[in-house]
Amino acid sequence: MEQLTLKAISKVSGSVTLPGSKSLSNRILLLAALSKGTTEVHNLLDSDDIRYMLGALEQMGVTVTLNADKTVATVEGCAGQLKTPKEALFLGNAGTAYRPLTAVLAATAGQFELVGEPRMEERPIGHLVDAMAKLGADIRYLKNADYPPLLIEGKSLSGGQVEIDGSISSQFLTALLMAAPLFTGDTHIRIKGDLVSKPYIDITIGVMAQFGIEVVNDNYQTFMVKGQQMYQSPSRIMVEGDASSASYFIAAAAISGGEIEINGVGKKSVQGDIGFANVMEQVGAKIDWYDEKLVVSKGELKGVDIDANAIPDAAMTLATVALFAKGPTAIRNIYNWRVKETDRLAAMATELRKVGAEVIEGHDFIEITPPSTINLTDIDTYNDHRIAMCFAMVAVGGHEVIINDPGCTAKTFPTFFNVLESITTH
Ligand SMILES: O=C(O)C1=C[C@@H](OP(=O)(O)O)[C@@H](O)[C@H](O)C1
Ligand SMILES: C=C(OP(=O)(O)O)C(=O)O
């Protein structure tokens, strides 16, 4: 296994430009593919999750031309006419590819087999399949009930009234919303259970609006989408920087001595994870907010007690910031950490204990009391990009740390360790 030793960092300072948002990139690619017309997508993320979406679209006959560094894509929309792929669509562990494609392909004529990495077969999808089945979709489990892989016999669906459970992942509702304009009639959706990760629904509704489709959202309880509509290409669309990726640099500046300018997200961000910057202000970071950038520097850091349901990805970064804050930090209402790239609650508790923190791992929360001294250790990353990236904060805090399998950042941020190095003084 590859290992990366991060030497103790005495200061981080300078400027970083964020790669494009994963959540926006995959939504935009799928809607551009379904659209009528050609879409030029700028600042596209180049990472594994996006490559899986691009590969699937190509297998279904969509022509996408990428520029040399793969950040500009020209997508020839197929006006809803995706072709039956010759082979199974391999979607890695990309939730933002797997879930939306499941719903969209169920409403597209043809047969589709959706497969993924072993971990994808442990990530539930039953709530989405149940809702689609109520609408008449033919989706079969190829191994275990409620989990990928899936075999989809796509066909015309007429919409109607449907309930969907929102308590495990917002991506199921996102998927249903994105498919709904393809149905022949209107769709009225009612949420069962508490809807988690709500800001991602705002991202979905915002991107659908850019492609000419209106979603009526009544307080995240009911949603309505008119049927028989075609996505319309906006011709040119810009992907803003990834707000979850911003969290590592916001945290680094808050922990270390220097000032970091983070370009690509700011006051105008449409991503919920920008809320991590507000949390870091509570923790003690000094942040200057601009429309599309943040300038962050150190303050006196103190532990906080927060409900992180709206920012599940960025909240992992708070768990390693906690190592350098005064007093305990509690991160609550994050049960679904357990069904992401790995069981993130268990994994974070294990790795934080290895560096010396006292940790309480609850069913849906984690409490971290910082250690008086930080142990030198290697960090297991469980094929989870965010574990690799957030434990880089140990080095930022002035302590050498070894990251096992650092290549796992390729899921959303292949250049992460190079970008961190570019603003580092040892
Ligand atoms: O819709 C999206 O783009 C995402 C939604 C979130 O998942 P859940 O809704 O499953 O929490 C988030 O964790 C994931 O990285 C991206
Ligand atoms: C949960 C994540 O990914 P996915 O889109 O596969 O759900 C993540 O990126 O932290």
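The values are calculated or read from the model by the stated rules, or taken from the named source; none is laboratory data. Predicted model, so just to flag it, every value in this text is computed and none were measured. When we count neighbours, we look across all protein chains shown, and the Cβ atoms used for this are built from the backbone with ideal geometry, even at glycine. When the accessible area is computed, the model is the full protein with side chains, heavy atoms only, and any ligands, DNA or RNA have been set aside. Shrake-Rupley method; radii C 1.70, N 1.55, O 1.52, S 1.80 Å.
Shape analysis of segment 22-219 places it in the rounded category; the axes a ≥ b ≥ c from the Cα gyration tensor give an a/c below 1.5.
Sequence-distant contacts, meaning Cα pairs under 8 Å at least 6 residues apart, place the relative contact order of the chain at 19 percent.
Normalised by the number of residues in segment 22-219, the mean separation of alpha-carbon contacts (under 8 Å, six or more apart) gives a relative contact order of 18 percent. For the chain, the longest principal axis of the alpha carbon atoms and the long axis of helix 243-255 meet at an angle near 10°. To put it simply, the accessible area of the chain at a 1.4 Å probe is 46 percent carbon and sulfur. In terms of the mean number of neighbouring beta-carbon atoms within 10 Å, the peptides 274-287, 172-185 order highest first as 172-185, 274-287.
Electrostatic tally near Asn263: other residues with Cβ closer than 15 Å to its Cβ, Lys and Arg +1, Asp and Glu -1, net -4.
Mean sequence separation of contacting Cα pairs (under 8 Å, at least six apart), scaled by the length of segment 1-93, corresponds to a relative contact order of 31 percent.
Using alpha carbons only, the radius of gyration of segment 141-281 set against its Kirkwood radius gives Rg/Rh = 1.05.
For the chain, the longest principal axis of the alpha carbon atoms and the long axis of helix 344-355 meet at an angle near 20°.
Taking only the alpha carbons of segment 230-318, we obtain Rg and Dmax values of 14.2, 52 Å in that order. Is the chain rounded, prolate or oblate when judged by the Cα gyration tensor, a ≥ b ≥ c being the square roots of its eigenvalues, rounded requiring a/c under 1.5 and prolate requiring a/b larger than b/c? Prolate is the answer for the chain, as a/c is 1.5 or above and a/b outweighs b/c. Surface exposure of segment 22-219, expressed per residue as accessible area with a 1.4 Å probe, stands at 37 Å². Exceedance of the 24 Å cut-off in Cα-Cα distance is limited, within the set Lys36/Lys340; Lys11/Lys293; Lys268/Lys340; Lys286/Lys326, to Lys36/Lys340; Lys268/Lys340. Give, to the nearest whole percent, the P(r) tail of segment 275-369 beyond 22 angstrom, counting all Cα pairs. The share of Cα pairs beyond 22 Å in segment 275-369 comes to 27 percent. Ranking Ser13, Ser35 from most to least accessible surface, computed with a 1.4 Å probe over the protein chains only, gives Ser13, Ser35.
Let me know the whole percent of all Cα-Cα pairs from segment 287-340 that are separated by more than 14 Å. Taking all Cα-Cα pairs of segment 287-340, the fraction more than 14 Å apart is 61 percent. The dipole here belongs to the chain: it is taken about the Cα centre, uses +1 on the Cβ of Lys and Arg and -1 on the Cβ of Asp and Glu, and is about 480 debye. Semi-axis lengths, largest first, of the ellipsoid equivalent to segment 157-198 are 20, 11, 6 Å, with √(5λ) applied to each eigenvalue of the Cα gyration tensor. Packing around the peptides 395-405, 77-87, taken as the average count of other Cβ atoms within 10 Å per residue, puts them in this order, highest first: 395-405, 77-87.
Average accessible surface for segment 285-426: 36 Å² per residue, computed with a 1.4 Å probe over protein heavy atoms with every protein chain in place. For the chain, the longest principal axis of the Cα atoms and the long axis of helix 95-106 meet at an angle of about 10 degrees.
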